[in-house]
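**Q** Attaching a single structure in C-alpha cells format; questions to follow.
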There are 2 protein chains.
Amino acid sequence: MYEIKKIGGGVCAPEGFYADGVSAGLKPDGAKDVAFVRADVPCETAAVFTTNKMTAAPIRHFRAKGAFKTNFILINAKNANAMTGQAGIDDIDEILSAVSEAHGGLVDPVMSSTGVIGVRLPKEKIIEAAKGFDLEKRDAVSAATAIMTTDTFYKSVATEVVLEGGKRFRIGAMAKGAGMINPAMATMLCFVTTDADADADTLQTILESVIPTTFNAASVDGDTSTNDTVIVLSNRKSGAFDETAFTEALHAMLLELAQMMVSDGEGATKLVTFDVTGAANDDDARTAAKALSNSLLMKTAIYGEDPNWGRVASTVGASGAQCDEATLTIAFDDVVVYERGNILFDAETEKRAATVMKREQFTIACDLGQGEGSFKAYGCDLGYEYVKINADYRT
Amino acid sequence: MYEIKKIGGGVCAPEGFYADGVSAGLKPDGAKDVAFVRADVPCETAAVFTTNKMTAAPIRHFRAKGAFKTNFILINAKNANAMTGQAGIDDIDEILSAVSEAHGGLVDPVMSSTGVIGVRLPKEKIIEAAKGFDLEKRDAVSAATAIMTTDTFYKSVATEVVLEGGKRFRIGAMAKGAGMINPAMATMLCFVTTDADADADTLQTILESVIPTTFNAASVDGDTSTNDTVIVLSNRKSGAFDETAFTEALHAMLLELAQMMVSDGEGATKLVTFDVTGAANDDDARTAAKALSNSLLMKTAIYGEDPNWGRVASTVGASGAQCDEATLTIAFDDVVVYERGNILFDAETEKRAATVMKREQFTIACDLGQGEGSFKAYGCDLGYEYVKINADYRT
C-alpha cells in the first residue's frame, strides 16, 4: 500500500527543482510574464502536445530534438510564437543561446509560450529578463503567476507519495489556462516535476494514460490551441517509484488543475460535471459528455440557472452517441427530471432542479440506458463576461 | 434556356396553394402561433429531417407514413412536441382527427412543431384555433409569421421559372429559425410549395442535393435540433418542369432563407461567409469552413470587430482539415493578412481589415493551398444579446 498526501511547494516540492517568475515587460504594469523551471541534473522527459496542425514554434522546436534530457524550461506569456514559421524557431534558438551563455550549465534547454498568435517573440525583452533569473530561487508561486494569461488565479499543486517501507517521492505541477473554456486561444500549459525514479518511457506511458480523463475531459469546445503543452521532468533523485501510486497521484493532480482551469474559465461562475453513464461504450459516453460540456445552449442555460433538461436531451441526441428517448434518464445532482420516457418535471421538481443549478458546483447526469460505458466531462457556463473578454482579446 | 424570377406570395405563389396563421394563445399577447399550408389536391411529397436521435414526435409521425400524398400541413410554434414519447404521437393523431372532422377534405394531414422540448402539446388550444382556420385564405405572411419563435422577422420567398417556349412553374417557401446560430433549440422549419410537374422521387433527389450547401452550410454549431424539417409539396398543376431550372431556383431560395436565418441569429449583428478554398477535397473544405462558423472564438472576435487572424489559423488547424502554415492564406474580404507563411499584418493592413469587419456582411477567406476543394459556410457573431436570449429561454 501507499499514501498520497497533498503538500505545498508546487513544482519546487520535489528535491532538486527550482523555479521563479519575473517581469520582462510583456504584460502591463510590471506583472510577471517570464518563468523558468530548472532541475539540478538533466531530467527524464515526457510530453504531450496539441493536435492542432498549426503547431506553435516551441512545440516544433521541442519535438525536433527527439529523445533528450533537459534541465531547463523557459516559459513566456502574452505571445504564443505560433504561425511564425522558421523565424519563430530561430527566435527560440537565439533566446536559449543567449540565456545559456548568461547562466551556464543549461543542458538542452527548451521553451514554452502562450498568448497571441501570429506575432514574433519580443526576443530582447525575454533575453534581458531571463539573464536576470536567479536560478537558485524556489518560488513556485511566482512561476505559476508569470505563466498566467487571462487566468484570474495561479494554479499550483504538489503531492508526496509514501510507499510501503517508507520510501517516498514527490510530484509538483503548475498550469495555466482560463482556457479550457476556449483552448483555441487561451492555451493550456502544464509543467510537472518529480523526483520519482521513473525513466522517460514510463513517464510518457503514464502521462498519456491520465490525459484523456483529466485535461482532455475539461476541454470545452473541442478546439485545441496551437500551443497546448504538458511536460514532465524527472530527476529520479528520490530513488523511489511505484507505477500505480505515481499514476494515481498524477491523475489526481492533473484533474485538480483541469478543474481549476474550468472554474477559472473566462467569465465562468460555475463548475459543472457532465456525468454520462449507461452508454453503449466509453467512446459514446465521451462523445455525449463532451457534446454537453461544449454546447452553447447548455452553457447559456447554466449561466441562466435554467434546468432546461430538453437541451440536455437534444444535445445528447445530436451528439452521435447511441441513445433513445425511451431509455434516457436525466438528473441535476439528485433531482431526476426525466426517467426512461417519463417526464418528471412537475413544478416541485423544477423548483428543486433550479435550486441545484444555483450551486457553484453540480452534476448533470445522463444515463443513456444502452450499456456500461461512462465518462465524466467538466464544463462551465458562458455569460456576458466571456463575450467581453473574447470580443477584444488582442487589444 | 430558362429564366428565374423572384416574385411575391411566398408559399401561396404557386397555383392551388393556401396558407394562413392565427393565434391559439400559445404565444403571449395574441400573437399568431398556429399555421397551415394547404393544397387543392393531394401532393407529391419530399422531405428531409433532423439527424438528431431524439427525433420529435411530428417527424416520427410523418416518417411512419412511408410514401404518401398529403394536402395539409398543420404547424405550431412554442412547443416542439419532442421527448414526449408515444403520447406525443397520439396527441398529433388526436389533433389531426379533430381538425379533419371540422374541415373535411384533408388527405393524410401532417403536423410540424417548434418550441420548447419535453412538454406535451396544448391540444385543446391548437384544435380550437385550427377549427377556425379559413382554408381558402392565401396569406403567406401570416403563416410565415405564425411559425416564428425567437425570429425577429418572417422568412418568405417565391420564384417563377419560365422555360423555353413559355411554359412556367412556381416555387414558394417559408422558413423559421433564428436558429442556425443554435439549431439545437430554435429549430429550423421550412415548407416549400410548387406547381412544378415533378414526382416525389425527383423532388426528394433535388431536395437532398441542395440541402448541404444551403441550410446545412448555415448550421452554426454542428448541433441539430430534435425538430429540423424541410417539406416540399408539389401539386403538379403547371404541367411544366425542368430539373436543372428547378434545382437552381430551389437552391437559390433555400440559400436565401438560410442566410436570412443566420442574419436573424439570436442577437446576431453580422452575416459572415467563411469561404474555404484550396482544400485537399470538398469534405476538408466543409470541415474547415464549418469549424470557423461554429467557433466561439471567431464569433466573439466578429462581434468585437477584431481581425484576429490568429484565431482563423488556429481554428482551421484544429478542425482536422489537411493544412499547413506554409501554404495557408487568410483574407478579410480583399484584405490579405497572411499569405503562405508570410505575416502581412502591419498597422496599415490591420486598419483595413478592421474596416472590413465593421461591415454588416463580409467574407473571411481561407485558401489552404492543398488542392481544389472548396466550401462556403455562413455564420454570425455572438454577443451579449445571444447570452441574454438563451440564458433564460424557457421562462
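**Q** Compute the signed sum of charges (Lys and Arg +1, Asp and Glu -1) over the other residues within less than 11 Å, Cβ to Cβ, of B:T273.
**A** Its environment carries a net charge of 0.
**Q** List residues of segment B:338-352, by number, whose backbone nitrogen lies under 20 Å from a label position 7 Å along Cα→C-beta of B:D324.
**A** Residues B:338-344 qualify, since their backbone N sits under 20 Å from the label point.
**Q** Would you kindly derive the ³J(HN,Hα) couplings of segment A:10-25 from the backbone phi angles with the Karplus curve 6.51 cos²θ - 1.76 cosθ + 1.60 (θ = phi - 60°), listing them in order in whole Hz, with x for Gly and Pro?
**A** These are the phi-based 3J(HN,Hα) values: x, 5, 8, 5, x, 4, x, 10, 10, 7, 6, x, 9, 9, 10, x Hz.
**Q** Starting from segment A:135-170, pick out the trypsin sites (Lys or Arg not before Pro) whose DSSP state is loop and whose Cβ has at most 15 other Cβ atoms within 10 Å.
**A** Within segment A:135-170, the qualifying trypsin sites (Lys or Arg not before Pro) (loop, at most 15 other Cβ atoms within 10 Å) are A:K167.
**Q** What is the antiparallel percent of DSSP beta bridges lying wholly in the protein assembly as shown, to the nearest 5?
**A** 75 percent
**Q** Semi-axes of the equivalent ellipsoid for segment B:99-162, please: Cα gyration tensor eigenvalues, times 5, square-rooted, ordered largest first, whole Å.
**A** 23, 20, 11
**Q** Another one. Please identify, among A:G265, A:G165, A:G115, the residue showing maximal mean-square fluctuation in a Gaussian network model of chain A using a 10 angstrom Cα cutoff.
**A** A:G165
**Q** Please report the accessible area of B:R63 (heavy atoms, 1.4 Å probe, ligands and nucleic acids excluded) in Å², nearest 10.
**A** B:R63 has an accessible surface of roughly 120 Å² with all protein chains in place.
**Q** Provide, as a two-decimal number, the C-alpha radius of gyration of chain B over 2.2 N^0.38 Å, N being how many residues it has.
**A** That works out to 1.03 for chain B.
**Q** Next question. Given R₀ = 45 Å, FRET efficiency for A:E3-A:S23 by Cβ-Cβ distance, to 0.05?
**A** 0.70
**Q** Antiparallel DSSP bridges in segment B:1-134: what percent, to the nearest 5?
**A** Counting only bridges with both partners in segment B:1-134, antiparallel ones make up about 70 percent.
**Q** Per residue and in cubic angstrom, what volume does the convex hull of the Cα atoms of segment A:201-298 have?
**A** Measuring per residue, one finds 136 Å³ for the Cα hull of segment A:201-298.
**Q** Then there's this: In peptide A:49-60, what is the residue-averaged number of other protein chain Cβ atoms found within 10 Å of each Cβ?
**A** Per-residue shielding by partner chains comes out at 4.
**Q** Let me ask another. Given the options A:A353, A:A67, A:A285, state which has the largest fluctuation in a GNM of chain A using a 10 Å cut-off (strictly under) for Cα springs.
**A** Of A:A353, A:A67, A:A285, the Gaussian network model singles out A:A67 as fluctuating most.
**Q** Between segment B:225-262 and segment A:234-280, what is the separation of their alpha carbon centroids in Å?
**A** Cα centres, segment B:225-262 to segment A:234-280: 51 Å.
**Q** Report, to the nearest 10°, how far helix B:282-294 tilts away from the longest principal axis of the Cα atoms in chain B, using its own Cα long axis and a range of 0 to 90°.
**A** With rounding to tens, the tilt is 90 degrees.
**Q** Percent of accessible area on segment A:197-303 owned by carbon and sulfur, 1.4 Å probe?
**A** Ligands and nucleic acids excluded, carbon and sulfur reach 43 percent.
**Q** On to the next question. Go through segment A:308-363 and name the GluC sites (Glu not before Pro) that are in a DSSP coil and have 15 or fewer other Cβ atoms within 10 Å of their Cβ.
**A** A:E360
**Q** Set the Förster radius R0 to 45 Å, insert the Cβ-Cβ distance between A:N342 and A:S209 as r into 1/(1 + (r/R0)^6), and round the FRET efficiency to 0.05.
**A** Efficiency, rounded to the nearest 0.05: 0.70.
**Q** Summing Lys, Arg as +1 and Asp, Glu as -1, what charge do residues with Cβ under 13 Å from the Cβ of A:R340 carry, A:R340 excluded?
**A** Taking every other residue near A:R340 into account, the sum is -4.
**Q** In deg cm²/dmol, rounded to 500, what helix-only [θ] at 222 nm does the protein assembly as shown give when every DSSP H run of at least 4 residues adds -39500 (n - 2.57) and the total is split over its residues?
**A** -9500 deg cm²/dmol
**Q** For segment B:313-342 and segment A:18-53, what is the centre-to-centre distance using only Cα atoms, to the nearest Å?
**A** 28 Å
**Q** Defining the label point at 7 Å along Cα→Cβ, can you sort the distances from B:E3 to the same site in each other copy, shortest first, in nm?
**A** With the label placed 7 Å along Cα→Cβ, B:E3 yields 9.2 nm.
**Q** Let me ask another. Tally Lys/Arg at +1 and Asp/Glu at -1 over every other residue whose Cβ is under 13 Å from the Cβ of B:G25; what's the total?
**A** Every neighbour counted, the sum reads +1.
**Q** Continuing with this model, one more query. Which of the GluC sites (Glu not before Pro) across segment A:1-64 are loop residues per DSSP, with 16 or fewer other Cβ within 10 Å?
**A** A:E15
**Q** What average number of partner chain Cβ atoms lie no more than 10 Å from the Cβ of the residues making up A:80-87?
**A** That works out to 4 on average.
**Q** I want the antiparallel fraction of DSSP beta bridges within chain B, as a percent rounded to 5.
**A** Restricted to chain B, the bridges split so that about 75 percent are antiparallel.
**Q** Taking all pairs of distinct Cα atoms, average 1/r, flip it, and tell me the Kirkwood hydrodynamic radius of segment B:1-43 in Å to one decimal place.
**A** Taking every pair of different Cα atoms in segment B:1-43, averaging 1/r and inverting gives 12.7 Å.
**Q** Now, a different point. Which one, A:F36, A:F169, A:F153, has the greatest fluctuation when you compute a Gaussian network model over chain A with C-alpha springs under 10 angstrom?
**A** A:F153
**Q** Between 0 and 90 degrees, rounded to the nearest ten: what's the tilt of helix A:200-210 against the longest Cα principal axis of chain A?
**A** 20 degrees
**Q** Quick one: helix A:347-357 against the long Cα principal axis of chain A, what's the angle to the nearest 10°, folded into 0 to 90?
**A** For helix A:347-357, the angle is close to 0 degrees.
**Q** Using a 1.4 angstrom probe on the protein heavy atoms only, could you order B:Y303, B:Y154 from most to least accessible area?
**A** B:Y154, B:Y303
**Q** Provide the FRET efficiency to the nearest 0.05 for the B:T269-A:T152 pair, computing r from the beta carbons and using R0 = 41 Å.
**A** Efficiency, from the Cβ-Cβ distance: 0.90.
**Q** Which shape class, rounded, prolate or oblate, goes with the protein assembly as shown when its Cα gyration tensor gives a ≥ b ≥ c as root eigenvalues, a/c under 1.5 marks rounded, and past that a/b bigger than b/c marks prolate?
**A** Prolate, since a/c reaches 1.5 and a/b exceeds b/c.
**Q** Ordered by residue, what ³J(HN,Hα) values in Hz, to whole numbers, does segment B:51-60 give under the Karplus form 6.51 cos²θ - 1.76 cosθ + 1.60, where θ = phi - 60° and Gly and Pro are x?
**A** The phi angles translate into 9, 4, 6, 8, 4, 5, 4, x, 6, 5 Hz.
**Q** Another question, then. Count, for each residue of B:293-304, the Cβ atoms from other chains sitting within 10 Å of its Cβ, then give me the mean as a whole number.
**A** Averaged over the peptide's residues, the number is 6.
The values are calculated or read from the model by the stated rules, or taken from the named source; none is laboratory data. None of the values given here were measured: they were computed from a predicted structure. Please note: Cβ atoms are built from the backbone with ideal geometry, for glycine as well, and neighbour counts cover all protein chains shown. Just the protein is used for accessible areas: all its heavy atoms, side chains included, with ligands, DNA and RNA removed. Shrake-Rupley method; radii C 1.70, N 1.55, O 1.52, S 1.80 Å.
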